[in-house]
1. Karplus couplings for region 90-105 from phi (6.51 cos²θ - 1.76 cosθ + 1.60, θ = phi - 60°), rounded to Hz, Gly and Pro as x?
2. For a quick check: with amide H placed at 1.01 Å from N, whose amide H comes under 5 Å from Leu86's, ignoring anything fewer than 5 positions away on the same chain?
3. Ranked by accessible surface with a 1.4 Å probe, highest first, in what order do Thr36, Thr133 come?
4. Please report, ordered by residue number, every helix of the chain (full DSSP H runs) that is 15 Å or longer along its axis going by C-alpha atoms and whose mean Kyte-Doolittle hydropathy reaches 0.0.
5. At a Cα cut-off below 19 Å, give the aspartates and glutamates reachable from Lys103, other chains included and same-chain residues fewer than 8 away excluded.
6. For the chain, report the % of Cα-Cα distances exceeding 22 Å.
7. Nothing charged except the Cβ atoms of Lys and Arg (+1) and of Asp and Glu (-1): what's the magnitude of the dipole of region 42-186 about its Cα centre? Round to the nearest 20 debye.
8. Going through region 46-116, which trypsin sites (Lys or Arg not before Pro) have at most 12 other Cβ atoms within 10 Å and a DSSP loop state?
Amino acid sequence: MIKGELHLWSANLDLPPNQIESFWSLLNQEEKSRITRLRIPLKRIRTLAAKATLRKLLSQYLSVAPETVIITYPPTGKPLLLKSDLHFNLSHSGGLAVFAFSKGQRVGIDVEKKRYMPNALEIAKKHFVPEETEALETYAKKRPCLLGEAFLTLWTRKEAWLKAIGTGLQRPLDTFCVSGPETPPN
């Protein structure tokens, strides 16, 4: 990978049970413990698949075995690799995981499963900056049936940016603005 390059990957998390079972051996004890605390079995399985796939991808970039990849979690919560300029990020929703990798440049990625969102404007008014809410209101007048999708477009852009800078949702969503639902991401 060349410095500044961005690599994006996606993975299906709904895999056969024998493949899922083999993933446990790739994780460290802390990761295993976090996953076993998840209460919903399907979420547990998909999280396991996402974390193991991340380790497999990282191992390819680092030329090491997946179970030897050391991922640290600083106070900000954004995972990183020590002694490496490889940056990465992971997001998963439903049965889909997406991964971003870059050398020497922080990255953030987010994915959300499309769903009906009758309260999208109310959520936006509470959590987005006024310009974003106005963009959604304008969009809703033109394409009301796609309002939920437009909302999720803004949400994923905001969350990906927060993940890239390392704060995650600790920083309020109404403290910065992203491009509108009809504008390509910036």
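The values are calculated or read from the model by the stated rules, or taken from the named source; none is laboratory data. Because the structure is a prediction, the values reported are computed rather than measured. Note that we place each Cβ from the backbone using ideal geometry, even for glycine, and neighbour counts take in every protein chain shown. What goes into the accessible areas is simple: the full protein's heavy atoms, side chains included, and nothing from ligands, DNA or RNA. Shrake-Rupley method; radii C 1.70, N 1.55, O 1.52, S 1.80 Å.
1. 9, 9, 8, 8, x, x, 10, 10, 10, 9, 10, 9, 8, 9, x, 9
2. Distant-sequence amide H within range of Leu86: Gly104.
3. Thr36, Thr133
4. Both cut-offs are met by 147-165.
5. By straight Cα distance, Lys103 reaches Glu5, Asp85.
6. 52
7. 560
8. Lys83, Lys113, Lys114, Arg115
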